[in-house]
Amino acid sequence: MLIHRLRRASQIFTSPTYRRVLICRLLCHLLHRLNPSLRYLGMTAGDETTFLHLRDNVVTPYTVAVGDFARGDLLRVIALCEGIGSPMGGTFLDIGGNIGTTTLYAMRSGKFNRGLCVEPEPENLRLVRLNMEANGLADQVVVRANAVSNKRGVMQLALSRSNFGDHRVVSTKAKAAQATIDVQVETLDDILKAENIAPEGVSLVWVDTQGHEGFVMSGAKTLIAKRVPFCIEFWPQILKETRGFELLLEIIERDFEKFVDLGAGDGSARPTSEIRAFAERFDGTMYHTDLFLVPR
């Protein structure tokens with residue numbers, strides 16, 4: 001395990017991309033210091049425009065350095081969907097949408113006719129709407145201002161000061177040093193009813209909710225019953241902290257046939273009976289990946 005960690009650290013710090021990201025992060029911080037009233041940074045490539053948080057330490061510098069934020073991961077997942085014969089051309093669901101980049105890439109791919117982006121944090125939400133409007137997608141994408149879990153109600157969202165994609169739903173008061181806000185929570189099944197989206201018309205569900213994935217999927221029974229593929233962030237350490245680790249593993253084992261680790265180069269599918277052994281690789285580390293889940 002120690003050798004694995006050292007190898008990963010070496011790869012990160014010697015990466016030209018990582019060095020570019022660090023430079024872009026420093027430049028963004030400098031701009032904010034020079035003029036604290038600057039809030040957003042705009043990028044245009046061709047006919048695509050992306051607005052970013054100037055003070056964000058992850059999505060913004062990476063997007064500036066590379067040109068997009070993990071668009072390739074989405075395109076790989078679309079190819080996986082097509083590879084298993086899952087019908088495209090329907091609705092794309094982006095749960096924990098941050099500033100809407102994944103929704104933007106999905107709609108730009110031409111593989112979906114409608115989008116739903118759900119994001120609870122008000123500052124991120126402004127950028128989701130701005131990015132949809134700037135790219136002519138406001139009429140195709142529904143934006144919801146709430147968090148998603150396995151029940152309705154009000155929960156707290158712990159706010160990250162520097163990584164605006166790392167806000168987390170919490171069930172109790174976060175540490176005093178971390179600010180929290182109350183957010184409205186709904187199940188995914190209830191959101192689909194409210195927005196008149198038929199589960200069988202959904203082509204892909206993308207879930208990145210910082211350890212809350214098990215609760216999100218627990219409230220998505222109609223989608224799972226219709227054998228809709230999911231792509232989820234898989235971060236065992238944070239899943240355990242949110243007490244959603246066992247819940248997520250049980251759903252994966254029961255309702256899905258195979259999983260693909262998007263962090264691996266070969267893209268091979270493994271039976272979900274191996275998910276617990278796979279999770280042990282991450283034990284005690286902050287490493288995480290994304291999983292494409294193939295329905296039964």
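Numbers for the structure displayed
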{"read-out": "Selected residue (criterion: farthest from His53 (Cα to Cα)) from residues of the range 124-137 that are open to solvent by less than 50 Å² (accessible area, probe 1.4 Å) and out of contact with any Asp or Glu (no Cβ under 7 Å at 6 or more places or on another chain)", "value": "Leu137"}
{"read-out": "Of all residues in the range 5-44 being among the β-branched types (Val, Ile, Thr) and open to solvent by 70 Å² or more (accessible area, probe 1.4 Å), the one that is modelled with the highest pLDDT", "value": "Thr44"}
{"read-out": "Exclusive hit being open to solvent by less than 60 Å² (accessible area, probe 1.4 Å), part of a loop (DSSP other than H, G, I, E, B) and touching a residue at least 12 places away in the same chain (Cβ under 8 Å), set Gly115, Gly97", "value": "Gly97"}
{"read-out": "Residue check for Thr60: farther than 24 Å from Asp189 by Cα and open to solvent by less than 20 Å² (accessible area, probe 1.4 Å)", "value": "yes"}
{"read-out": "Residue check for Gly85: farther than 25 Å from Glu186 by Cβ, free of Cβ contacts under 8 Å to residues at least 24 places away in the same chain, out of contact with any Phe, Trp or Tyr (no Cβ under 6 Å at 6 or more places or on another chain) and surrounded by fewer than 21 Cβ atoms within 10 Å (Cβ to Cβ)", "value": "yes"}
{"read-out": "Total residues in the range 145-161, condition touching an Asp or Glu at 6+ places or on another chain (Cβ under 9 Å) and open to solvent by 40 Å² or more (accessible area, probe 1.4 Å)", "value": "4"}
{"read-out": "Residue match in the range 45-60 (condition: at pLDDT below 95 and aromatic (Phe, Trp, Tyr))", "value": "no"}
{"read-out": "Residue ranges of strands (runs of 3 or more DSSP E) in the range 189-272 with at least 2 members open to solvent by 20 Å² or more (accessible area, probe 1.4 Å) and touching a residue at least 24 places away in the same chain (Cβ under 8 Å)", "value": "256-261"}
{"read-out": "Total residues in the range 64-82, condition part of a loop (DSSP other than H, G, I, E, B) and surrounded by 15 or more Cβ atoms within 10 Å (Cβ to Cβ)", "value": "3"}
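The values are calculated or read from the model by the stated rules, or taken from the named source; none is laboratory data. Keep in mind the model is a prediction, meaning the values are calculated, not measured. Positions of Cβ are backbone-derived with ideal geometry, glycine not excepted, and every protein chain shown enters the neighbour counts. Surface accessibility is based on the protein's heavy atoms, side chains included, excluding ligands, DNA and RNA. Shrake-Rupley method; radii C 1.70, N 1.55, O 1.52, S 1.80 Å.
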